[in-house]
1. Defining a contact as two alpha carbons under 8 Å apart and six or more residues distant in sequence, what relative contact order in percent does the chain show?
2. Just to confirm the number: angle between the C-alpha axis of helix 67-97 and the first principal axis of the chain, 0 to 90 degrees, nearest 10?
3. Only helical DSSP H runs with n ≥ 4 go in: add -39500 (n - 2.57) per run for the chain, normalise by residue count and round the 222 nm mean residue ellipticity to 500 deg cm²/dmol.
4. Over 16 Å apart: what share of the alpha carbon pairs of region 38-99 falls there, rounded to a whole percent?
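Read the figures in this text as sums done on the coordinates, not as results from a lab. These numbers come from a predicted model, not from an experiment.
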Amino acid sequence: MKKVILATMMALVAVPAFAQTGADSSSWALYLGAGLAIGLAGLGAGVGMGSAIRGGLEGISRNPGVAGKIFTYLLVGVALIESIAIYGLVVSLILLFVK
C-alpha cells in the first residue's frame, strides 16, 4: 500500500512538469521515434547476437574440431547483426538532429 501511495504522490508532483509547453508541440514524436528506433534496433541486435552465439557454442561443443571455422563465421555474423544496431543509432541521430 505504501508503494501505491508513493507512486501516486510522485505522479502528482510530476504533473506541472508535463504541463509546461515547449517550443514545438510536435517534437515529442521525434523523441519518441528516436527512442523507439535505437531501442528496437538494440533489442533485435541483442536477441540476434544471443541466438547466434548460442548456436556457435552448441556447434563447437558438438564438434570441437571445426571450432576455427565456426568462430570465423560467428564473427562475421555478429558483425552483420551489430550493423543493425548501428543503423538504428544513425536513424535516431538523424531524427534528433536533422529538422
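1. The value is 42 percent.
2. Tilt relative to the chain: about 20 degrees.
3. Value at 222 nm, helices only: -31000 deg cm²/dmol.
4. Taking all Cα-Cα pairs of region 38-99, the fraction more than 16 Å apart is 51 percent.
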